[in-house]
Amino acid sequence: MKFSVKGFDIHAGYLDVAAQRALLGAVRGVVAQAPFFRPQMPNGRPMSVRMSASGQFGWVSDKDGYRYAPSHPSGVAWPSIPAEVLAVWQSVTGLERQPECCLINYYSAEAKMGLHQDRDEADMQWPVVSISLGDEGLFRMGNVTRGGKTESMWLKSGDVVVMGGDSRLAYHGVDRIRAGSSKLLPKGGRLNLTLRVVT
Ligand code: MD3
Ligand code: FE
């Protein structure tokens, strides 16, 4: 079912297990070419979340700061966004415009992501689509400005979230992972794919 929390459109149970497995296979193909790495935070420490990407751009962060970049830290170009992933963008947004980045976040049981805004894309009119796979993650949704009330919900494997309109610039983060809550990933953990128009 579809519902809205603070302007975030949540499609709970959007992907059945077969579709989740197909996406997982596609992600494995990407990370075989572009292995997970731990981006550096502004304080110089590595993030707990491991990242990779596909598409014309991925997100990298190092001593020079963070930015969208056309290649993996190893220097290889990011693989193209898998067709199965583009199909989710198409069915949930109906847009002609294609995403240029599919960021892949992997959360081990201990990983989390602090509250932040995503504002490095050129045009915030385009939505961001998020696909959750594997263990459940506690997603926190805030406001367009820092502070104020937040709402949290557990995102489960197969859930798809569309961030458009006011929610596009809202603060958000992932507080914790419920280890062992899904059997999709044999070694556990949570994968989150975010599809973005960058330019
Ligand atoms: C709201 N990822 O990669 S997905 C991120 O579960 C990120 O890995 C989280 O925040 C995760 O930047 C949350 C939901 C999400 C993703 C992108 C957004 C919410 C967003 C961009 C703008 C507004
Ligand atoms: Fe984000």
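The values are calculated or read from the model by the stated rules, or taken from the named source; none is laboratory data. Keep in mind it's a predicted model, so treat the numbers as computed, not measured. Cβ: placed from backbone, ideal geometry, glycine included. Neighbour counts: every protein chain shown. Just so you know, the surface numbers come from the protein's heavy atoms only, side chains and all, with ligands and any DNA or RNA stripped out. Shrake-Rupley method; radii C 1.70, N 1.55, O 1.52, S 1.80 Å.
For residue 151, the requirement of being closer than 21 Å to residue 3 by Cα, acidic (Asp, Glu) and either modelled with pLDDT of 95 or more or open to solvent by less than 20 Å² (accessible area, probe 1.4 Å) (or both) is met. Cβ-Cβ distances below 7 Å connect the following pairs, each with a first residue in the stretch 66-84 that is in contact (Cβ under 8 Å) with a residue 40 or more places away in the chain, a second residue that is assigned to a loop (DSSP other than H, G, I, E, B) and open to solvent by less than 70 Å² (accessible area, probe 1.4 Å), and a separation of six or more residues or different chains: 66/39; 68/57; 68/198; 76/34; 78/34; 78/72; 79/34; 81/99. On the stretch given as the stretch 91-140, residues that are in contact with a Ser or Thr (Cβ under 7 Å, 6 or more places away or on another chain) and among the basic types (Lys, Arg) total 2.
Quick check: is even one residue across the stretch 129-150 without any contact (Cβ under 8 Å) to a residue 40 or more places away in the chain and closer than 27 Å to residue 34 by Cβ? Yes, the conditions are met somewhere in the stretch 129-150.
Here's the yes/no breakdown for (1) farther than 16 Å from residue 88 by Cα; (2) touching a strand residue (DSSP E or B) at 6+ places or on another chain (Cβ under 9 Å); (3) open to solvent by 30 Å² or more (accessible area, probe 1.4 Å); (4) not in a loop (DSSP other than H, G, I, E, B):
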residue	(1), (2), (3), (4)
10	no, yes, no, yes
15	no, yes, no, no
22	no, no, yes, yes
32	yes, no, yes, yes
35	yes, yes, yes, no
59	yes, yes, yes, yes
66	yes, yes, yes, yes
74	yes, yes, yes, no
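Filtering the stretch 83-106 down to residues that are assigned to a loop (DSSP other than H, G, I, E, B) and in contact with a strand residue (DSSP E or B) (Cβ under 6 Å, 6 or more places away or on another chain), which residue is nearest to ligand 1 (Cβ to nearest atom)? Checking each candidate, the answer is 99. Quick one: in the stretch 178-199, of everything that is β-branched (Val, Ile, Thr) and more than 10 Å from ligand 1 (Cβ to nearest atom), which residue is surrounded by the fewest Cβ atoms within 10 Å (Cβ to Cβ)? So the residue we want is 199.
Right, residue 164: surrounded by fewer than 21 Cβ atoms within 10 Å (Cβ to Cβ) and either polar (S, T, N, Q) or over 24 Å from residue 54 (Cα atoms) (or both) or not? No; evaluated as a whole, the condition is false for this residue. Which residues, counting only those in the stretch 146-176, are among the acidic types (Asp, Glu) and assigned to a loop (DSSP other than H, G, I, E, B)? Listed by number, the list holds a single entry, 159.
Determine, yes or no, whether residue 157 is of a type in the set (Gly, Ala, Ser) and out of contact with any helix residue (DSSP H, G or I) (no Cβ under 7 Å at 6 or more places or on another chain). No; evaluated as a whole, the condition is false for this residue. Please indicate, with yes or no, whether at least one residue in the stretch 139-157 is aromatic (Phe, Trp, Tyr), within 14 Å of ligand 2 (Cβ to nearest atom) and touching a strand residue (DSSP E or B) at 6+ places or on another chain (Cβ under 9 Å). Looking for residues that are aromatic (Phe, Trp, Tyr), within 14 Å of ligand 2 (Cβ to nearest atom) and touching a strand residue (DSSP E or B) at 6+ places or on another chain (Cβ under 9 Å), one finds at least one in the stretch 139-157, hence yes.
Has the stretch 107-124 got any residue that is near ligand 1 (Cβ under 10 Å from one of its atoms), buried (at least 22 other Cβ atoms within 10 Å of the Cβ) and closer than 16 Å to residue 51 by Cα? Yes, that holds for at least one residue.
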